[in-house]
Amino acid sequence: MLFKLGKKIWILVLLIVFVVFANGTWSVYQKSSFASENRELAQKELEELKVREIALREELVRLETKRGLEEEVRQKFDVGLEGEKMIVLVDAPEKKKLIEPREYTLWEKVVRMLGFK
């Protein structure tokens, strides 16, 4: 009887040890998964920033030239050089649709005349 009780205690102790190790392993797994997701997001953001950096460098090179600077000033401030004329194109106004009066049926006329509608 004492031998069986000792065996059950050892099984209980081993079960507790297993649960403690499993909990630690699960915690490490969750941290690893979280770090992996964050790394992927950081890599995507880095790629986007590299593309943006390239675009900004190209824009900077364009603005360092006289022509590029002139284009930017004309675009931002709607100005021109002395003696130049500016043509402004305006969209044609939309034609308004005329709503033709609707022809009422005899019953609708009676209802309207009585003031129900």
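Read the figures in this text as sums done on the coordinates, not as results from a lab. Just so it is clear, the model here is predicted, and its values are computed rather than measured. Neighbour counts run over all protein chains shown; Cβ positions are idealised from the backbone, glycine included.
Scanning region 56-99 for residues that are of a type in the set (A, V, I, L, M) and exposed (fewer than 10 other Cβ atoms within 10 Å of the Cβ) yields LEU81, MET86, ILE87, VAL88, LEU89, VAL90, ALA92, LEU98, ILE99.
If the condition is being of a type outside the set (A, V, I, L, M), closer than 22 Å to ARG62 by Cβ and part of a loop (DSSP other than H, G, I, E, B), then region 72-88 contributes ASP78, GLY80, GLU84.
Is region 42-63 home to any residue that is closer than 30 Å to ILE87 by Cβ and in contact with a Lys or Arg (Cβ under 9 Å, 6 or more places away or on another chain)? Checked against the condition, which is being closer than 30 Å to ILE87 by Cβ and in contact with a Lys or Arg (Cβ under 9 Å, 6 or more places away or on another chain), region 42-63 yields no hits at all.
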